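Enquirer: One structure, as C-alpha cells, below. Some questions next.
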Ligand code: 3DD
C-alpha cells in the first residue's frame with residue numbers, strides 16, 4: 001500500500017527534522033533498530049497501528065519498517081496528530097492516514113484504511129482499532145496473531161472485553177510494563193500535561209492551587225510536577241488506597257466539592273467520565289482553568305459546561321473561554337482532550353524510548369509466541385522489562401551492582417533462617 005492521507009505532504013521536510021530530533025533522544029529504540037535491521041524478525045508481517053502521530057511514534061514506525069514489517073498507521077486522537085510528522089512518514093512511503101482536527105467520521109475512516117492490508121499484528125492506544133476489528137470486521141480477526149495496547153484506558157477496555165469472552169485474539173498489555181507504566185505514565189504525563197497547560201495559558205503555577213483528580217500513575221506524576229513548580233496541590237480520589245498514597249506523599253486530599261473554593265487549575269487523570277460537571281463549574285472560582293490528562297474527552301462534562309455558558313471563544317490556541325451566565329469565566333484546554341498531546345507535543349522522546357522499545361519487543365514476541373496465547377489480556381514476559389531497563393540505564397551511563405553467586409543461592413534458598 002503506498003496510499004496515504006495527510007493534511008499537507010509539503011510539511012514533510014519540517015516533520016523529518018522533528019523525527020531526527022526524536023531519534024537523537026531515543027537511544028534504546030535506535031539500538032534495537034540497528035540490531036533488527038540485520039535480522040529483520042518482522043519480515044513478511046503487516047502491522048496496523050492506531051497511536052498518536054507524533055515525532056516519537058514516527059521513530060517507532062520507522063523502526064518497525066527497518067525490522068522488516070509492512071506498516072499502516074492512523075492516529076488515536078482527533079487532535080493529537082502532528083501534521084508535519086504525518087507528512088514525513090507519508091513521504092517515506094508509509095501508508096499513514098492522520099491529520100489534526102479529524103471529525104469522528106474521518107477518525108474511523110482513517111482506522112478503516114489501515115485495515116485494508118489485512119494486518120497480522122495491530123497496535124493500539126485506547127483500543128479503538130481493536131474494537132473496530134471486533135465490531136465491524138470480525139472476519140479480519142482470523143488473520144490477526146495478536147495486538148498490543150499502549151495505555152491504561154485501553155487495557156481497562158480490553159480486560160472488560162476479555163471478561164465478557166469477546167476477545168478474538170490475544171492482547172499484550174504494554175501499558176502494564178514497569179518500564180512503561182512507572183516511566184511514561186508518571187514522568188511523561190507529569191511533565192507533558194503541565195507542558196500543555198503552560199503552552200495554552202502561560203500561567204504561573206507558584207502561588208496557585210492545582211486540583212488533580214485521580215492519583216493513579218498519571219495523576220501522581222502531575223501532582224508531583226505541579227508541586228515542583230510551586231503550586232499548592234489538592235488530590236481528589238475515589239479509591240481509598242490511592243487517596244492514602246497521595247496523603248502519605250504530602251498532598252492534601254478532599255472531595256472535589258470541597259476543593260472548588262480554592263482551585264485555580266484542575267487537571268483530571270482518572271480514566272472515568274464526568275469528573276467535573278455542572279455542579280462543580282457553578283461553584284468554581286472565576287478564571288478557573290480545566291485540563292484533562294485522561295485518554296478520552298469524557299472527564300470534563302463539556303456539554304454541561306456549554307449549557308451553563310452564555311458564550312465561548314477561543315482566547316488562545318487550545319484555550320476556550322466560557323462565560324457563564326453570572327459572568328464567571330472558565331477556561332477549557334484542548335477541547336477537553338489529552339492536554340499533553342493536543343496543546344503540547346506529548347511526552348518527551350526519552351521516556352517514549354522505553355514505551356516504544358516495549359512495543360517493538362512486544363510485536364516480535366507476538367509474532368513468535370502469539371499463537372501460544374489465549375484470547376485474553378496478557379502481560380509481556382518480565383525479561384522484556386529487564387532488557388528495556390538495562391538498555392536504558394546503559395544509555396544513561398549508569399552501571400549497577402550484580403548479585404554474587406552466593407547471593408543468588410541465598411535468595412533462592414529457604415533453609416537459612418534466623
Ligand atoms: N503518549 C504520550 N506522549 C506521546 C508521544 N510523544 N508519542 C506517542 C504517544 C504518546 C501517549 C502514550 O504514551 C500512552 O502512554 C498513553 O496514552 O498512556
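Enquirer: Taking segment 178-195, which residues are more than 10 Å from the ligand (Cβ to nearest atom) and buried (at least 24 other Cβ atoms within 10 Å of the Cβ)?
Expert: 179, 190, 194
Enquirer: Another question, if that's okay. Scan segment 151-177 and report the pairs whose first residue is within 18 Å of residue 76 (Cβ to Cβ) and whose second residue is more than 16 Å from the ligand (Cβ to nearest atom) and assigned to a strand (DSSP E or B), with Cβ atoms within less than 9 Å and a gap of 6+ or a chain change.
Expert: Close Cβ pairs satisfying both conditions: 171/146; 171/378; 172/146; 172/378; 173/378.
Enquirer: Still on this structure, I have one more. Condition (residue is free of Cβ contacts under 8 Å to residues at least 40 places away in the same chain, surrounded by 21 or more Cβ atoms within 10 Å (Cβ to Cβ) and assigned to a loop (DSSP other than H, G, I, E, B)) applied to segment 57-75: is it met by at least one residue?
Expert: yes
Enquirer: Could you say whether any residue in segment 309-323 is within 16 Å of the ligand (Cβ to nearest atom) and either part of a helix (DSSP H, G or I) or modelled with pLDDT of 95 or more (or both)?
Expert: Scanning segment 309-323, I find at least one residue that is within 16 Å of the ligand (Cβ to nearest atom) and either part of a helix (DSSP H, G or I) or modelled with pLDDT of 95 or more (or both), so the answer is yes.
Enquirer: Another question about this same structure. Out of 167, 115, 123, which single residue is within 19 Å of residue 373 (Cα to Cα) and either surrounded by fewer than 23 Cβ atoms within 10 Å (Cβ to Cβ) or more than 14 Å from the ligand (Cβ to nearest atom) (or both)?
Expert: 167
Enquirer: Residues of segment 344-400 being under 26 Å from residue 24 (Cα atoms), more than 16 Å from the ligand (Cβ to nearest atom) and in a loop (DSSP other than H, G, I, E, B), which ones?
Expert: The answer is 396, 397, 398, 399, 400.
Enquirer: For segment 235-271, give me each residue that is part of a helix (DSSP H, G or I) and closer than 20 Å to residue 288 by Cα.
Expert: Within segment 235-271, 256, 257, 258, 259 qualify.
Enquirer: Could you check, for segment 28-49, whether at least one of its residues is within 23 Å of residue 296 (Cα to Cα) and more than 11 Å from the ligand (Cβ to nearest atom)?
Expert: Yes, some residue in segment 28-49 is within 23 Å of residue 296 (Cα to Cα) and more than 11 Å from the ligand (Cβ to nearest atom).
Enquirer: Given the condition touching a helix residue (DSSP H, G or I) at 6+ places or on another chain (Cβ under 6 Å), outside any helix (DSSP H, G or I), without any contact (Cβ under 8 Å) to a residue 40 or more places away in the chain and more than 16 Å from the ligand (Cβ to nearest atom), answer yes or no: does some residue in segment 224-234 qualify?
Expert: Yes, that holds for at least one residue.
Enquirer: If residue 157 satisfies every condition in (1) crowded, with 24+ Cβ neighbours inside 10 Å; (2) assigned to a helix (DSSP H, G or I); (3) under 17 Å from the mean Cα position of the chain (by Cα) but one, which is the exception?
Expert: The failed condition is (1).
The values are calculated or read from the model by the stated rules, or taken from the named source; none is laboratory data. Just so it is clear, the model here is predicted, and its values are computed rather than measured. Because the Cβ atoms are built from the backbone with ideal geometry, glycine has one as well, and the counts that use them run over all protein chains shown.
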